[in-house]
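Please read the structure below before turning to the comments.
The values are calculated or read from the model by the stated rules, or taken from the named source; none is laboratory data. For clarity, every value in this text was computed on a predicted model and none was experimentally measured. In this analysis, Cβ positions are derived from the backbone assuming ideal geometry, glycine residues included, and neighbour counts consider all displayed protein chains. When the accessible area is computed, the model is the full protein with side chains, heavy atoms only, and any ligands, DNA or RNA have been set aside. Shrake-Rupley method; radii C 1.70, N 1.55, O 1.52, S 1.80 Å.
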Amino acid sequence: MAPIQPPPNMIRIGDFQTPTPPWVPPNVRDQINTVAANGEAGVAHFWDSIGFPPSRSDRTAAATVVGAAAGVVAAGVPTAAVGAVVGGLIGGTIGGVAGAALGTVVPVPVVGTVTSGVAGTAIGAAAGAAIGAGLLGLPAAVGGGIAGGAVGAAVGVGQR
């Protein structure tokens, strides 16, 4: 099965299709559509290869892709947010203490000068938030995608 091209200015993920929101740049929309279409084509090819009729494998693949996307969002986003908060707090504390230990003044454009403790807090919080979001969010997103894809496949297999 070749990847399905969505209608112009639409985002298509399996069975789900919606107009592209104005805040989504065209290159992001195209990446979403390409990844979803290639994934759906691969899943449909698998179902075809084990003997499913093509129309049924297409429906199952579409449901699998929607389920996987929903699982990634449902599990990955909130877990990444928690990781970002916890990581930001830890990183900010470590950065603030390390910066305060330096005891210097740091020039900051537009703001003026700040103590090294304030600068260390800001830098540590940003780094900690990114690390925390990645450490917690990525595994949760993968797990959610697998679980959601399995549920979607089960739903799709049951369609007639």
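Does Ala81 satisfy being within 14 Å of the chain's Cα centre (by Cα) and either over 25 Å from Ala154 (Cβ atoms) or polar (S, T, N, Q) (or both)? So Ala81 passes the test. Of all residues in the range 1-10, those being of a type in the set (A, V, I, L, M) and surrounded by 14 or more Cβ atoms within 10 Å (Cβ to Cβ) number 2. Evaluation of Arg59 against the conditions (1) open to solvent by 20 Å² or more (accessible area, probe 1.4 Å); (2) modelled with pLDDT of 90 or more; (3) farther than 28 Å from Gly124 by Cα shows that the sole unmet condition is (2). Taking the conditions (1) in a helix (DSSP H, G or I); (2) loosely packed, with under 15 Cβ neighbours inside 10 Å; (3) of a type in the set (Val, Ile, Thr) in turn, Ile123 satisfies each one other than (2). Just to be sure before I move on: is Ala154 closer than 30 Å to Ile13 by Cβ and free of Cβ contacts under 8 Å to residues at least 12 places away in the same chain in the structure I sent? Considered against the rule, which asks whether it is closer than 30 Å to Ile13 by Cβ and free of Cβ contacts under 8 Å to residues at least 12 places away in the same chain, Ala154 comes out as yes. Residues in the range 11-41 that are closer than 21 Å to Gly156 by Cβ and open to solvent by less than 40 Å² (accessible area, probe 1.4 Å): Ile11, Arg12, Ile13, Gly14, Asn33, Ala36, Ala37, Gly39, Glu40, Ala41. When Gly67, Gly88, Gly83 are checked against the criterion of being open to solvent by less than 70 Å² (accessible area, probe 1.4 Å) and touching a Leu at 6+ places or on another chain (Cβ under 7 Å), Gly83 stands alone in meeting it.
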